[in-house]
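Comments concern the structure below.
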Amino acid sequence: MGPADDTRQRLVEAATRGFAEDGVHTASLLEITRQAGQRNRGAVHYHFGSRTGMLVAVLEQHLDLLATRERELLAIAQAQPAEDLVSVVRALVLPAVELAELGGQGRCYLMILGELVEEDPDAMDPEVLHALERLGGYEVYGLLEQRVPPMPDDVRSERLSLVTAFVLRAIADRSRAGDRSTPGRAQLDTDPFARNLVAMVVGMLTAPPA
């Protein structure tokens with residue numbers, strides 16, 4: 001890796017933290033540049049062209065890892081009976097859990113995804129939308145919509161949105177708790193945590209409509 005590549009990587013890592021903590025649209029690019037150890041205020045423009053270009057570079061860090069794992073689990077879910085919901089939820093939950101095991105950068109990445117999935121796709125920058133589509137999550141959600149019990153369309157849409165936020169936040173919070181210097185409440189090990197989270201999401205999706 002040459003000096004330019006090293007600088008770019010430090011900027012991506014600093015942007016991952018900054019976007020997670022302060023928001024993808026509101027984080028200070030100057031502060032991100034400073035956190036990356038760069039004195040040149042034009043470093044972001046030089047390496048990425050814009051805030052959007054930097055965000056796309058952040059998303060691309062783990063895109064292949066998440067997409068590959070999700071496709072593996074989605075194939076398993078698609079082979080299950082039409083009433084099976086657990087296998088689809090596993091395809092939603094497990095890649096994120098495994099990413100969080102990478103540490104702080106993985107947790108920050110999930111927080112960024114949590115913010116982006118709440119946005120209107122029609123109003124999203126096409127480059128960012130394309131990066132999100134490459135994650136493959138839309139196929140998982142398509143299968144989820146087929147397998148959740150019958151309910152009004154607006155209720156189903158609301159539940160899927162809440163489930164997404166819940167999953168990403170729960171995993172990110174668990175990872176953050178592991179980074180604390182002072183002890184908090186006891187945390188489940190990874191496998192029991194993932195199984196419990198899957199069970200909770202299935203319960204959320206199958207609860208009778210109000």
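The values are calculated or read from the model by the stated rules, or taken from the named source; none is laboratory data. Just so you know, these numbers come straight off a predicted model, no measurement behind them. Glycine also receives a Cβ, built like all others from the backbone with ideal geometry; neighbour counts cover every protein chain displayed. The protein model used for the area step is the full one, side chains on, heavy atoms only, and it has no ligands, DNA or RNA in it. Shrake-Rupley method; radii C 1.70, N 1.55, O 1.52, S 1.80 Å.
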Subject >> Selection within segment 83-126 - among the charged types (D, E, K, R) and surrounded by fewer than 22 Cβ atoms within 10 Å (Cβ to Cβ) >> reply: E83, D84, E98, E101, E115, E118, E119, D120, D122, D125
Subject >> Any helices (runs of 4 or more DSSP H) falling wholly within segment 13-65 and containing at least 1 residues that are in contact (Cβ under 8 Å) with a residue 60 or more places away in the chain and among the charged types (D, E, K, R) >> reply: 51-60
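Going through E98, E119 one at a time, which residue ends up being out of contact with any Cys (no Cβ under 7 Å at 6 or more places or on another chain) and modelled with pLDDT of 90 or more? Break it down stepwise before answering.
Working: E119 fails: modelled with pLDDT of 90 or more.
It is E98.
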Original post:
Does R169 satisfy being within 15 Å of A91 (Cβ to Cβ), in a helix (DSSP H, G or I) and basic (K, R)?
Top reply: no
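I'd like to check something: does segment 75-82 contain any residue that is open to solvent by less than 50 Å² (accessible area, probe 1.4 Å), closer than 19 Å to V198 by Cβ and at pLDDT 95 or above? Reasoning before the result, please.
Step one: list which residues in segment 75-82 are open to solvent by less than 50 Å² (accessible area, probe 1.4 Å), which gives 77.
Filter once more, keeping what is closer than 19 Å to V198 by Cβ: 77.
After this cut, where a residue has to be at pLDDT 95 or above as well, the list is 77.
So far as segment 75-82 goes, yes, one or more of its residues are open to solvent by less than 50 Å² (accessible area, probe 1.4 Å), closer than 19 Å to V198 by Cβ and at pLDDT 95 or above.
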Subject >> Matching residues in segment 76-114 - criterion: being of a type in the set (S, T, N, Q) and either under 27 Å from A15 (Cα atoms) or outside any helix (DSSP H, G or I) (or both) >> reply: Q80, Q105
Original post:
Of the conditions (1) open to solvent by 70 Å² or more (accessible area, probe 1.4 Å); (2) touching a Lys or Arg at 6+ places or on another chain (Cβ under 9 Å), G136 fails just one. Which one is it?
Top reply: (1)
Original post:
Which ones in segment 120-170 are without any contact (Cβ under 8 Å) to a residue 12 or more places away in the chain, in contact with a helix residue (DSSP H, G or I) (Cβ under 7 Å, 6 or more places away or on another chain) and closer than 21 Å to L66 by Cα?
Top reply: P121, L129
